[in-house]
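The values are calculated or read from the model by the stated rules, or taken from the named source; none is laboratory data. These numbers come from a predicted model, not from an experiment. For neighbour counting, all protein chains shown are included, and Cβ atoms are generated from backbone atoms with ideal geometry for every residue, glycine included. All accessible areas refer to the heavy atoms of the entire protein, side chains included, with ligands and DNA or RNA removed. Shrake-Rupley method; radii C 1.70, N 1.55, O 1.52, S 1.80 Å.
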Amino acid sequence: MRLRYFSHSAFQITTKDGIKILIDPFLDGNPTSPVKSDDVSANYIIVTHGHSDHVGDSFKIAKRCNSTFICVNELANYFISKGFKAHNMHIGGAHNFDFGRVKFTIAHHGSMTSDNYYGGEASGVILTIDGLTLYHTGDTGLFYDMKLIGEMNKIDYMLLPIGDNFTMGVTDALKAVELTNPKVAIPMHYKTFPVIESDPYEFKKKLEEQGKKSIVMEFGQEIEL
Ligand code: NI
Ligand code: MN
């Protein structure tokens, strides 16, 4: 599969079969994304929580691409109420889609939408696609159950916030990697706004000092996993 990083928490996965999955596609209003919403497409859109920097351009993209949303029940119903297709799930539940398996996890965060709709619990998501397991934590503070997530899932790639202020900062994210024990950690949710100006290379360096692997993806970069 291919993984593309747009910046913030926005990623696109393209499976071997060519199915495209967007996660938290915040592009047009995102000062750090070199890619805008008209230039991406999605069969599925996973939104981890209702905040505007995660719902992002979901409406525009889903309308153009006839995408199906995958999110926790309340947020899925929000998208359905706006006229979109959604697959409702919730934390702890997994489902096999045509592209692979999706399981929702807890995240310690809020989830009110910009138009004041209750988006349910904020979530993270574990994706098993083409034989690899990715864990996108969503926006969250550090939590000890990451240890359980790591014990029950062999995580190949962990995508986690390091920006501080709204989510884990570098120190807590290092602990999150230690608890979850992924093969590779990919930092996200930094540099988008002045208040989340963390340095991903400091995070990577500290992980490497502990013998762990990290990839800092350039904004707009796509890599083959
Ligand atoms: Ni948020
Ligand atoms: Mn956020």
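So what is the relative contact order of the range 1-53, in percent, for Cα pairs below 8 Å that sit 6 or more residues apart?
This gives 31 percent for the range 1-53.
Please state the equivalent ellipsoid semi-axes for the range 67-178: what are the square roots of 5 times the Cα gyration tensor eigenvalues, largest first, in whole Å?
Three semi-axes, in Å: 24, 19, 10.
With springs only between Cα atoms under 10 Å, which of Lys20, Lys82, Lys154 fluctuates most in a Gaussian network model of the chain?
Answer for the Gaussian network model of the chain: Lys82.
What FRET efficiency comes out for the pair Tyr117/Asp38, r = Cβ-Cβ distance, R0 = 30 Å, nearest 0.05?
0.70
Taking K and R as +1 and D and E as -1, what net charge do the other residues with C-beta under 15 Å from the C-beta of Lys213 add up to?
With Lys, Arg at +1 and Asp, Glu at -1, the neighbours total +2.
Can you tell me what share of the DSSP beta bridges in the range 2-217 is antiparallel? A percent to the nearest 5 is fine.
If I count the DSSP bridges inside the range 2-217, around 55 percent turn out antiparallel.
Straight-line reach only, C-alpha to C-alpha below 15 angstrom: list the aspartates and glutamates that Lys206 could link to, leaving out same-chain residues fewer than 8 apart.
Asp172, Glu178
Keeping the other protein chains in place, figure out the carbon and sulfur percent of the accessible area of the chain, with a 1.4 Å probe.
The computed percentage sits at 49.
Amide H neighbours of Lys85 under 5 Å, at least 5 residues apart or on other chains, H built in the peptide plane: list them.
Amide H neighbours of Lys85, under 5 Å, 5+ apart: Phe69.
Are any of the pairs Lys20/Lys82; Lys63/Lys154; Lys20/Lys205; Lys36/Lys212; Lys20/Lys60; Lys103/Lys204 more than 25 Å apart by Cα-Cα distance, and if so, which?
Lys63/Lys154; Lys20/Lys205; Lys36/Lys212; Lys103/Lys204
For a quick check: with amide H placed at 1.01 Å from N, whose amide H comes under 5 Å from Lys213's, ignoring anything fewer than 5 positions away on the same chain?
When sequence neighbours closer than 5 places are left aside, the close amide H contacts are Ala185.
Using amide H atoms built in the peptide plane, which far-off residues or other-chain residues are under 5 Å from Met188 H to H?
Leu160, Ile162
In nm, to one decimal, how far is the Asn96 label point from the Lys154 one, both placed 7 Å along Cα→Cβ?
Going by the 7 Å Cα→Cβ label model, 1.9 nm.
With a 1.4 Å probe and every protein chain left in place, tell me how much accessible area His108 has, in Å² to the nearest 10.
The accessible area of His108 comes to roughly 110 Å².
In what sequence, highest mean first, do 194-207, 53-66 appear when ranked by Cβ atoms within 10 angstrom?
In decreasing order of mean packing, 194-207, 53-66 become 53-66, 194-207.
Pairwise over distinct Cα atoms, reciprocal of the mean inverse distance: report the Kirkwood radius of the chain in Å, one decimal place.
17.1
At a threshold of 8 angstrom on Cα-Cα distance, excluding pairs fewer than six apart, so keeping six or more, what relative contact order does the chain reach in percent?
18
Could you report the chain's accessible area per residue, 1.4 Å probe, as an integer in Å²?
I get 41 Å² per residue for this part.
Report, in deg cm²/dmol and to the nearest 500, the calculated mean residue ellipticity at 222 nm for the chain, where each DSSP H run with n ≥ 4 adds -39500 (n - 2.57) and the sum is divided by the residue count.
-6000 deg cm²/dmol
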